[in-house]
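A.B. asks: Take this structure, written in structure tokens, and hold onto it; I'll ask about it next.
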Amino acid sequence: MNWNRKQPRKRRRIKSFLSFFSFCRKVSGGLVFLFLACFIQAISTNTPEMPKRGGTLRLAAELDYHSLDPALIYTYDEGMLAYLVFNPLLDLDRQGRLIPVLAKKLPEISPDRLTYTFEHLQCWLER
């Protein structure tokens, strides 16, 4: 017998494929276990909390904000920040129609179309 003779190429490919397949099977089993452990952890600790009043809003921004007063906002970035902080009376849905947010219903409009009257606010605002 010649011990220095190499195995045929086809047999080497099959062996390398089988060793790679067994490696993948071991790794995938570990990944499935890790995923399940993370999923169970997320389910057990993800209890919704009521928002708390007060606190500090920390935001990374390129520029300094001059004001959060909606009447004094003049840049797009300040407007987006104010939109995150303040809720509007009305907003637009996906079709572009007005929908009430803080108001219970759409406002009553005067005949000259210069006065909009909001008579009812959401019940949680009246506390």
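Just so you know, all these numbers are worked out from the coordinates, no wet-lab data involved. Because the structure is a prediction, the values reported are computed rather than measured. Here Cβ is always computed from backbone atoms with ideal geometry, including for glycine, and neighbour counts include all displayed protein chains.
A.B. asks: Grab the beta carbon distance between residue 62 and residue 92, set R0 = 41 Å, and tell me the FRET efficiency rounded to 0.05. Each step should come with its number before you reach the end.
C.D. replies: Values: r = 27 Å, r/R0 = 0.67.
The pair residue 62/residue 92 has a calculated efficiency of 0.90.
A.B. asks: Moving on. Applying 1/(1 + (r/R0)^6) with R0 = 22 Å to the Cβ-Cβ distance of residue 83 and residue 52, what FRET efficiency is obtained, to the nearest 0.05?
C.D. replies: Using R0 = 22 Å, I get an efficiency of 0.55.
A.B. asks: Report, by chain and number, residues whose modeled amide H sits under 5 Å from the one on residue 90, excluding near sequence neighbours (fewer than 5 apart, same chain).
C.D. replies: Amide H to amide H, under 5 Å and 5 or more residues apart or across chains, residue 90 pairs with 101, 102.
A.B. asks: Pop the C-beta distance of residue 99 and residue 40 into the FRET formula with R0 = 41 Å and round what comes out to the nearest 0.05. Present the calculation step by step, with values, prior to reporting the outcome.
C.D. replies: Working: r = 39 Å, r/R0 = 0.94.
That gives a FRET efficiency of 0.60.
A.B. asks: Count the net charge of all other residues whose Cβ sits under 12 Å from the Cβ of residue 83, scoring Lys and Arg as +1 and Asp and Glu as -1.
C.D. replies: Neighbourhood net charge equals -3.
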